[in-house]
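Asks: I'd like to ask you about the structure that follows.
The values are calculated or read from the model by the stated rules, or taken from the named source; none is laboratory data. This is a predicted model, so every value here is computed, not measured. Ideal geometry is used to build each Cβ from the backbone, glycine not excepted, and the neighbour counts take in all protein chains shown.
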Amino acid sequence: MPPIISICNLTKTYASGFQALKGINLEIHSGEIFALLGPNGAGKTTLINIVCGIVNPTGGFVLADGHDVVRDYRAARSRIGLVPQELSSNAFDTVWAGVTFSRGLFGKPADKPYLEKVLKDLSLWDKKNSPMMTLSGGMKRRVMIAKALSHEPQILFLDEPTAGVDVELRRDMWEMVRSLRARGVTIILTTHYIEEAEQMADRIGVINKGELILVEEKSALMKKLGKKQLTVQLQHALTSVPAGLAGHQVELSADGEELIYTFDPRSGEKGIASLMKQLSELGIEFKDLQTNQSSLEEIFVSLVRAAP
Amino acid sequence: MSAQEKRNVVAFEAIRAIYFFEMARFRRTLLQSIVSPVLSTSLYFVVFGAAIGSRIAAIDGVSYGAFIVPGLIMLSVLTQSISNASFAIFFPKFSGTIYEILSAPVSYIEVVVGYVGAAASKSILLGLIILATARLFVTFDIAHPVWMLSFLVLTAATFSLFGFIIGIWADGFEKLQLVPLLIITPLTFLGGSFYSIDMLPPFWRTVTLFNPVVYLVSGFRWSFFGRSDVSVGLSLAMTGVFLFICLAVIWWIFRTGYRLRT
């Protein structure tokens, strides 16, 4: 199946000279939930805004369901719903006026029952005649989601959907995203919360300083995370891994002063005990031991730090 | 790709959505939108028509009270068109809701038709209400009703486009007020709303001919009384030129994404 979104060599340089995107290549599969992680100013929102038509790209191109987002913008944009990061609303307009406007704006004929369902799913139905200014922040966020869904998009962008949102709404939001995915909607979300990406995403991309530094299946990423590492600090530096330790996943650090043993605690092998036994049989003395398990957050931080 | 998605198809649903959304705001603020111009027009008639006008001789055989009617209507239509349209596009920019317009599958022509159409409709409606109000104070006939309506529509459309440009250009409320206050108000007052430009000394008459509002008021007055300061053809041509300039600027704005797409 062709990707629902293809991003090719996408660059963006703002008038100020700031290079927000430096050649992004990314394919989003149809029906997946893709989480885009990255620190503030990494280019997440710029990337989304280009796909949605709010920002013009400097170079490269984006296809949404096979349609170029610049040249064939009508076909591309009609498939995309966007929930932006910033809460914005026409203060005096009612919720109902807002969602009917959005649907019409995207060229869809009026469909009351559908909009009623959208509002009910988001617990907004009893607020439909309330002016936007009377709603709480969380409610406004729901309205923005309702507006994005009002024209039945195939692709939904959620830019920091849960920033500043209470726990209950966050859970509701996750629930909603899952049910949308069940209906075949492709979802791309950006977030600061690693937990959110872990909970929701099928794949995770990490963006930093305008570059995608990692794109991976979440399950593959989690497998890496599931591994633990034991670091053995040696009394005397070694030049190579002793032959007796060949049965284990052991590496020697560059300076030869540490042995690093990576293992999967869930596999049931008696890793550490047998390694220790072998070390003493080989007469290798050590000063200290330490184990660690990296979280997604650590991987994320180290990736971001390592990037130039 | 379905036929509906072909690039050149007009998104009527989107135009309709923008137009009615804007008109809904008009309905919500109906009282201010109508009462205040009607009140100020009535005041003009009391002051200029009754109090001062009775001491001014008829101009070209038209009583002063009736003479100022077309000018007053134009004055309101002009300022209201600009303020309606500039606010309509400035506000979404200010509040951030413009993202929705920018990410919608609509061409800029549809956006302009929606916003400018609504702004012009409002001011045409207002012009007609003022006309009806004026009729309560003075009697007059409209010599060329079709031309009267045409001038009204043309002016409302042109200046709504102009307002749209101001709304996009303005990056703060001050700028939004600046152009109407510093440029439009003087132009309208010096545009022959309250006098015939023949009454001016020759030098000032020549200066006045650079004021586009003169042509609007003159042409509009012709449609009422069959007399004008400048020829009707020239009035139409000048309005057309201004309309064309506004269209060209809007074309440029959307082509370059000026103040809309970074």
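Asks: For the stretch A:91-186, which helices (runs of 4 or more DSSP H) that fit wholly inside it have 2 or more residues that are within 11 Å of chain B (Cβ to nearest Cβ) and under 21 Å from B:LEU102 (Cα atoms)?
Replies: Filter on the stretch A:91-186 gives A:95-105, A:137-149.
Each row is one residue, and each column tells you yes or no for (1) surrounded by fewer than 22 Cβ atoms within 10 Å (Cβ to Cβ); (2) at the interface with chain A (Cβ under 10 Å from one of its Cβ atoms); (3) not in a loop (DSSP other than H, G, I, E, B).
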| position | (1), (2), (3) |
| --- | --- |
| B:VAL9 | yes, yes, no |
| B:ILE18 | no, yes, yes |
| B:PHE26 | yes, no, yes |
| B:ILE34 | yes, no, yes |
| B:PRO37 | no, no, yes |
| B:ILE109 | yes, no, yes |
| B:SER121 | yes, no, yes |
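Asks: Something else now. Of all residues being among the β-branched types (Val, Ile, Thr) and either closer than 13 Å to B:MET199 by Cα or assigned to a loop (DSSP other than H, G, I, E, B) (or both) in the stretch B:47-71, which is nearest to the chain's Cα centre (by Cα)? Just the residue, please.
Replies: Selected residue: B:ILE59.
Asks: Taking the condition of being surrounded by fewer than 15 Cβ atoms within 10 Å (Cβ to Cβ), more than 10 Å from chain B (Cβ to nearest Cβ) and over 13 Å from A:THR11 (Cα atoms), how many residues in the stretch A:56-73 meet it?
Replies: 2
Asks: List the number of the failed condition for A:GLU86; all other conditions in (1) buried (at least 18 other Cβ atoms within 10 Å of the Cβ); (2) at pLDDT below 95; (3) at the interface with chain B (Cβ under 10 Å from one of its Cβ atoms) hold.
Replies: Of (1) buried (at least 18 other Cβ atoms within 10 Å of the Cβ); (2) at pLDDT below 95; (3) at the interface with chain B (Cβ under 10 Å from one of its Cβ atoms), only one is false for A:GLU86: (1).
Asks: Identify all residues within the stretch B:241-262 that are under 18 Å from B:LEU78 (Cβ atoms), touching a residue at least 24 places away in the same chain (Cβ under 8 Å) and either within 14 Å of another protein chain (Cβ to nearest Cβ) or not β-branched (Val, Ile, Thr) (or both); write none if there are none.
Replies: Matches in the stretch B:241-262: B:PHE242, B:LEU243, B:CYS246, B:LEU247.
Residues checked against (1) among the polar types (S, T, N, Q); (2) modelled with pLDDT of 90 or more:
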residue	(1), (2)
B:ASP229	no, no
B:GLY240	no, yes
B:PHE244	no, yes
B:ALA248	no, yes
B:THR256	yes, no
B:ARG261	no, no
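Asks: Within the set of pairs 6 or more residues apart or between chains, which connect a residue that is under 18 Å from B:ALA157 (Cα atoms) inside the stretch B:86-115 to a residue that is among the hydrophobic types (A, V, I, L, M, F, W, C) and surrounded by fewer than 18 Cβ atoms within 10 Å (Cβ to Cβ) with Cβ atoms less than 7 Å apart?
Replies: B:TYR108/B:PHE254; B:GLU110/B:VAL10
Asks: Right, next: Is it true that A:GLY81 is under 19 Å from A:THR186 (Cβ atoms) and at pLDDT 95 or above? So that I can check it myself, show each step before the final result.
Replies: On the way: under 19 Å from A:THR186 (Cβ atoms): yes; at pLDDT 95 or above: yes.
Yes: the conditions hold for A:GLY81.
Asks: Just one of A:GLY43, A:GLY53, A:GLY81 is under 27 Å from A:VAL165 (Cβ atoms), crowded, with 22+ Cβ neighbours inside 10 Å and more than 13 Å from chain B (Cβ to nearest Cβ); which is it?
Replies: Sole residue among the options that is under 27 Å from A:VAL165 (Cβ atoms), crowded, with 22+ Cβ neighbours inside 10 Å and more than 13 Å from chain B (Cβ to nearest Cβ): A:GLY43.
Asks: (1) within 19 Å of the chain's Cα centre (by Cα); (2) crowded, with 23+ Cβ neighbours inside 10 Å: which one isn't true of B:LEU125, the others all being true?
Replies: For B:LEU125, the failing item is (2).
Asks: Quick one: would you say A:GLU152 is of a type in the set (D, E, K, R), free of Cβ contacts under 8 Å to residues at least 24 places away in the same chain and surrounded by fewer than 17 Cβ atoms within 10 Å (Cβ to Cβ)?
Replies: No: the conditions fail for A:GLU152.
Asks: Exactly one condition in (1) under 25 Å from B:TYR108 (Cα atoms); (2) of a type outside the set (S, T, N, Q); (3) not in a loop (DSSP other than H, G, I, E, B) is false for B:ASP198; which is it?
Replies: Only one criterion in (1) under 25 Å from B:TYR108 (Cα atoms); (2) of a type outside the set (S, T, N, Q); (3) not in a loop (DSSP other than H, G, I, E, B) is unmet by B:ASP198, namely (1).
Asks: Which of (1) assigned to a helix (DSSP H, G or I); (2) in contact with a Leu (Cβ under 9 Å, 6 or more places away or on another chain) does A:VAL232 not meet, given it meets every other one?
Replies: The failed condition is (1).
Asks: Criterion first (away from every other protein chain (no Cβ under 14 Å) and either surrounded by fewer than 22 Cβ atoms within 10 Å (Cβ to Cβ) or in contact with a Lys or Arg (Cβ under 9 Å, 6 or more places away or on another chain) (or both)) does B:ARG55 satisfy it?
Replies: Considered against the rule, which asks whether it is away from every other protein chain (no Cβ under 14 Å) and either surrounded by fewer than 22 Cβ atoms within 10 Å (Cβ to Cβ) or in contact with a Lys or Arg (Cβ under 9 Å, 6 or more places away or on another chain) (or both), B:ARG55 comes out as yes.
Asks: A follow-up question, please. Could you count how many residues in the stretch B:230-257 are within 21 Å of B:LEU149 (Cβ to Cβ), outside any helix (DSSP H, G or I) and not hydrophobic (A, V, I, L, M, F, W, C)?
Replies: So the answer is 1.
Asks: Name the residues in the stretch A:216-246 that are closer than 21 Å to A:ILE155 by Cβ and surrounded by 16 or more Cβ atoms within 10 Å (Cβ to Cβ), would you?
Replies: Selection gives A:LYS218 alone.
Asks: Now a separate question. Just name the residue that is modelled with the lowest pLDDT out of those in the stretch B:136-162 that are farther than 15 Å from B:MET238 by Cα and polar (S, T, N, Q).
Replies: Result: B:THR139.
Asks: Among (1) of a type in the set (S, T, N, Q); (2) within 13 Å of chain B (Cβ to nearest Cβ); (3) in a strand (DSSP E or B), which single condition is A:ASN25 missing?
Replies: Only one criterion is unmet by A:ASN25, namely (2).
Asks: Only one of (1) more than 18 Å from A:ILE188 (Cβ to Cβ); (2) buried (at least 19 other Cβ atoms within 10 Å of the Cβ) is not met by A:ALA110, so which one is it?
Replies: Evaluating A:ALA110 over (1) more than 18 Å from A:ILE188 (Cβ to Cβ); (2) buried (at least 19 other Cβ atoms within 10 Å of the Cβ) leaves (2) as the failure.
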